[in-house]
Every structure is written in C-alpha cells, then in structure tokens.
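Below is one structure; the comments refer to it alone.
The values are calculated or read from the model by the stated rules, or taken from the named source; none is laboratory data. From a predicted model like this one, the values you see are computed outputs, not experimental measurements. Glycine also receives a Cβ, built like all others from the backbone with ideal geometry; neighbour counts cover every protein chain displayed.
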Amino acid sequence: MMGPSGLTAGQAAAAAGVSRKAMRIYEDRGLVVPLCRTAAGYRLFGQDEVDTLRFIRRARVLGLKLDDIADILAEHRRGGPVCPTVKGRLVERVREIDKAIDDLAALRRCLIEAVGECAEVTSQDRAAVCPVIEGAEVP
C-alpha cells in the first residue's frame with residue numbers, strides 16, 4: 001500500500017518483485033530514481049518507479065544486461081521510440097543463446113565420447129590421474 005508520499009524502498013521492491021539488493025543496484029546505475037526522501041532519510045518511490053522496476057525485472061528474465069536496459073530506459077525518458085532498440089537487443093540475445101546452444105551441443109558430444117572411452121580404459125593405461133579426461137578432445 002502506498003503511503004501519502006509513496007512507497008519505501010522495501011515496499012517498492014516487494015511490489016515489483018525484486019530484491020532490495022537488486023533495487024539498490026538499479027538505483028546506483030540510475031535505472032530507477034526515488035521521488036524524494038523523508039525527513040528521516042527514507043527513499044520514497046511512486047507507481048511509475050514500481051512499473052520501471054517491473055520492466056527491469058522482466059527485461060532481466062529475458063537476459064538483457066543492465067547496460068541494455070539503461071539504453072532502453074534512456075530512450076524512453078527522451079520520448080523516443082524504444083521498439084527498435086529493444087528489437088536489436090533481443091536479436092543479439094537470441095544470437096548469444098544460439099551460440100551457447102552450439103557450445104553445449106559440442107560439449108555434450110565430447111562427454112558422450114568420453115563416457116564411451118571409459119569402458120576401454122585398463123589399469124595399465126598411463127595417465128597422471130585419468131586417461132579418459134586427459135585424452136579428451138575438449139571444445
């Protein structure tokens with residue numbers, strides 16, 4: 001529930017579904033700014049800031065970096081169109097995921113080959129620790 005002047009940092013974080021630590025990081029990066037401070041020094045936030053925190057949380061779930069989010073929010077605050085920036089960052093993220101999938105597939109093939117070689121290892125095989133791992137062709 002929002003008080004007469006806004007939500008405390010903890011209340012805003014809870015309303016947006018982010019941790020207090022994450023909220024502090026977002027504040028430090030300038031992604032979200034408190035409306036004001038109380039006489040006691042508590043930072044207060046309004047609904048717009050809570051909405052921004054929710055946006056940040058969703059963008060993070062999609063894998064966007066804080067620098068990407070900062071660029072998107074800066075464009076939004078300037079009143080510019082954010083969709084072209086968002087599209088570019090999402091396409092970049094898809095490429096990163098595709099590369100990670102390819103890397104994992106190569107690692108999987110290597111592991112399967114190593115598992116198969118385990119059956120062929122004898123106690124006479126010379127190795128510092130394990131001939132399967134030492135002889136594995138890793139990606």
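Considering (1) surrounded by 14 or more Cβ atoms within 10 Å (Cβ to Cβ); (2) within 27 Å of K21 (Cα to Cα); (3) not assigned by TED's automatic domain parsing to the domain that holds A12, say which one P131 fails and leave the rest.
(2)
Within segment 25-40, work out how many residues are small (G, A, S) and either in contact (Cβ under 8 Å) with a residue 12 or more places away in the chain or in contact with a helix residue (DSSP H, G or I) (Cβ under 6 Å, 6 or more places away or on another chain) (or both).
Narrowing segment 25-40 to residues small (G, A, S): 30, 39-40.
Remaining after also requiring either in contact (Cβ under 8 Å) with a residue 12 or more places away in the chain or in contact with a helix residue (DSSP H, G or I) (Cβ under 6 Å, 6 or more places away or on another chain) (or both): 30.
Residues that pass the stated criteria total 1.
Of (1) loosely packed, with under 14 Cβ neighbours inside 10 Å; (2) touching a helix residue (DSSP H, G or I) at 6+ places or on another chain (Cβ under 9 Å); (3) basic (K, R), R43 satisfies all except one. Which?
Exception for R43: condition (1).
For segment 46-63, state whether one or more residues are free of Cβ contacts under 8 Å to residues at least 12 places away in the same chain, on the phi > 0 side of the Ramachandran plot and in the same structural domain as A12 (by TED's automatic domain parsing).
no
Return the pairs, sorted by first residue and then second, in which the second residue is among the small types (G, A, S) and surrounded by 10 or more Cβ atoms within 10 Å (Cβ to Cβ), the first residue lies in segment 73-94 and is not assigned by TED's automatic domain parsing to the domain that holds E27, the beta carbons are less than 6 Å apart, and the residues are 6+ apart or on different chains.
What qualifies is R93/G63.
Scan segment 1-23 for residues that are closer than 22 Å to I72 by Cβ and surrounded by 14 or more Cβ atoms within 10 Å (Cβ to Cβ) and jot them down.
Listed by number, the residues that qualify are A12, A13, A15, A16, V18, A22, M23.
I'd like to check something: does segment 19-30 contain any residue that is of a type outside the set (S, T, N, Q), over 17 Å from K65 (Cα atoms) and in contact with a Gly (Cβ under 9 Å, 6 or more places away or on another chain)? Before you say what the answer is, go through the steps one by one.
Taking segment 19-30 first, the residues of a type outside the set (S, T, N, Q) are 20-30.
Remaining after also requiring over 17 Å from K65 (Cα atoms): 20.
Still in the running and in contact with a Gly (Cβ under 9 Å, 6 or more places away or on another chain): 20.
Taking every residue of segment 19-30 in turn, at least one turns out to be of a type outside the set (S, T, N, Q), over 17 Å from K65 (Cα atoms) and in contact with a Gly (Cβ under 9 Å, 6 or more places away or on another chain).
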